[in-house]
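Some notes on the structure that comes next.
The values are calculated or read from the model by the stated rules, or taken from the named source; none is laboratory data. Since this is a predicted model, take the numbers as computed values, not measurements. Cβ placement follows ideal geometry from the backbone for every residue including glycine, while neighbour counts extend to all protein chains displayed.
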Amino acid sequence: MKITVIGGTGHIGTYLTPRLVELGHEVTVISRGKRKPYRPHTAWDSVQRINLDREAEEKIGSFGKKVSLTKPEAVIDLLCFTVESCRQLTEPLRGNLGHFLHCGSLWTHGYSTVVPAVEEQPRHPLCEYGRAKLAIEEYLFNEFRTNKFPVTILHPGHITGPGWLPINPAGHLNPDVFEKLASGRELCLPNFGMETLHHVHADDVAQGFVNALINKSSAAGESFHIVSTGALTLRGFAEAAASWFGKEAKLKFLPFEEWKKTVTQEEAGATYDHLAHSPNASIEKAKKKINYKPKYTSLEAVYEALKWLLAAGKIKSEKPLA
Ligand SMILES: NC(=O)c1ccc[n+]([C@@H]2O[C@H](COP(=O)([O-])OP(=O)(O)OC[C@H]3O[C@@H](n4cnc5c(N)ncnc54)[C@H](OP(=O)(O)O)[C@@H]3O)[C@@H](O)[C@H]2O)c1
């Protein structure tokens, strides 16, 4: 099949693009050509690369047209953040496309009511990003109903893997948190440490897209959570991460308003965002309808990221990872 992947060299694309080539698809990747995939793979030799700046092309109204010129049978859009951007892409593709896959986000849920949250639960997006992703979902499902536009939407959690920083047990990105746990130093967590994070390995996100393509008849017109088998509490995450270095986590807890004074404004903002959402999503629907079977638990996904961070000297530990 001819598949065009928009933004196919980043976290997800590093794994997804080679998977598609290995399955025998003819793959075109559109990006600005600034980034290299995190991992080398011989599959990249047979990928057609087109350098386009989506934002610049959208300003002159040519992005969707240029994507349609690749004559795709399927399009995987990993880079869409507004309805306008989505509309501009999908209008020229309408009627000529076998499958359109959009990368959404768990942030469309906002806070959950019953956990693990199912896809059909009422949505309460909490931030502009979540509201915009939800608006895209509504637009695409309306296209499915009114124009039979063959859409599938995947909602990943915190994408994690070798090559970049995972969300840490304090809910932000500063790798010092792992160094504290690795050296047995005290770590202060917000509240009771019982709010949740829901990671997913980038290769499992790639698996989700591939399985949705393979199972198009049950995937069209549907959205799926693409996360690990279980969310983590901050406290449980911290304890597990310390144990990887042979340590017991020394944890202290403070109410969020006091805790935020112990970190930078940027860290406090990231933690607030993660705690307010406290994602905890069900993958039952993806398991049943598209045979999604994540290879990594949340802890295994973070472990992979940590292994890379240690090897790259981005975090230091006297003890190796167990
Ligand atoms: N990160 C998370 O934890 C998370 C969680 C849930 C959902 N998501 C969703 O995942 C998607 C992002 O996937 P990702 O994490 O794999 O992305 P990523 O690692 O940020 O990679 C972005 C890709 O898009 C390309 N790109 C960036 N700006 C571009 C532009 N203006 N024009 C053309 N190409 C451009 C990049 O290559 P160049 O720089 O070379 O152009 C790269 O190939 C988004 O839809 C996001 O909402 C992410």
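Couple of notes before you dig in:
- Some residue of the range 173-189 being of a type in the set (S, T, N, Q), over 16 Å from His155 (Cβ atoms) and touching a residue at least 40 places away in the same chain (Cβ under 8 Å): yes
- Entry remark, the range 1-15: residues being surrounded by 17 or more Cβ atoms within 10 Å (Cβ to Cβ), more than 8 Å from the ligand (Cβ to nearest atom) and under 25 Å from Glu91 (Cβ atoms) number 3 in total.
- Qualifying position, being without any contact (Cβ under 8 Å) to a residue 40 or more places away in the chain and under 22 Å from Pro162 (Cα atoms), among Lys34, Lys65: Lys34
- Number of positions in the range 31-43 that are under 19 Å from Ala74 (Cα atoms) and either at pLDDT below 95 or touching a helix residue (DSSP H, G or I) at 6+ places or on another chain (Cβ under 7 Å) (or both): 1
- Check on Ala276, surrounded by fewer than 19 Cβ atoms within 10 Å (Cβ to Cβ), within 30 Å of Gln121 (Cα to Cα), of a type in the set (A, V, I, L, M) and at pLDDT 95 or above: yes
- Thr82 being among the β-branched types (Val, Ile, Thr) and closer than 22 Å to Leu213 by Cβ: no
- A residue that is assigned to a helix (DSSP H, G or I) and in contact with a Ser or Thr (Cβ under 9 Å, 6 or more places away or on another chain) occurs somewhere in the range 28-44.
- Restricting attention to the range 190-227, the residues being outside any helix (DSSP H, G or I), touching a Ser or Thr at 6+ places or on another chain (Cβ under 7 Å) and aliphatic (A, V, I, L, M) number 3.
- Test: Gly33 is within 9 Å of the ligand (Cβ to nearest atom) and not polar (S, T, N, Q): yes
- Residue check for Glu84: under 30 Å from Val47 (Cβ atoms), surrounded by fewer than 21 Cβ atoms within 10 Å (Cβ to Cβ) and of a type in the set (D, E, K, R): yes
- Which numbered condition Leu23 fails, given (1) within 14 Å of the ligand (Cβ to nearest atom); (2) touching a residue at least 60 places away in the same chain (Cβ under 8 Å); (3) among the aliphatic types (A, V, I, L, M): (1)
- For beta carbons closer than 8 Å, sequence separation of 6+ or different chains, a first residue in the range 245-268 that is of a type in the set (Val, Ile, Thr) and a second that is assigned to a helix (DSSP H, G or I) and surrounded by 11 or more Cβ atoms within 10 Å (Cβ to Cβ), the qualifying pairs are Val263/Thr271.
- Positions within the range 228-250 being part of a helix (DSSP H, G or I) and of a type outside the set (D, E, K, R), in sequence order: Leu234, Gly236, Phe237, Ala238, Ala240, Ala241, Ala242, Ser243
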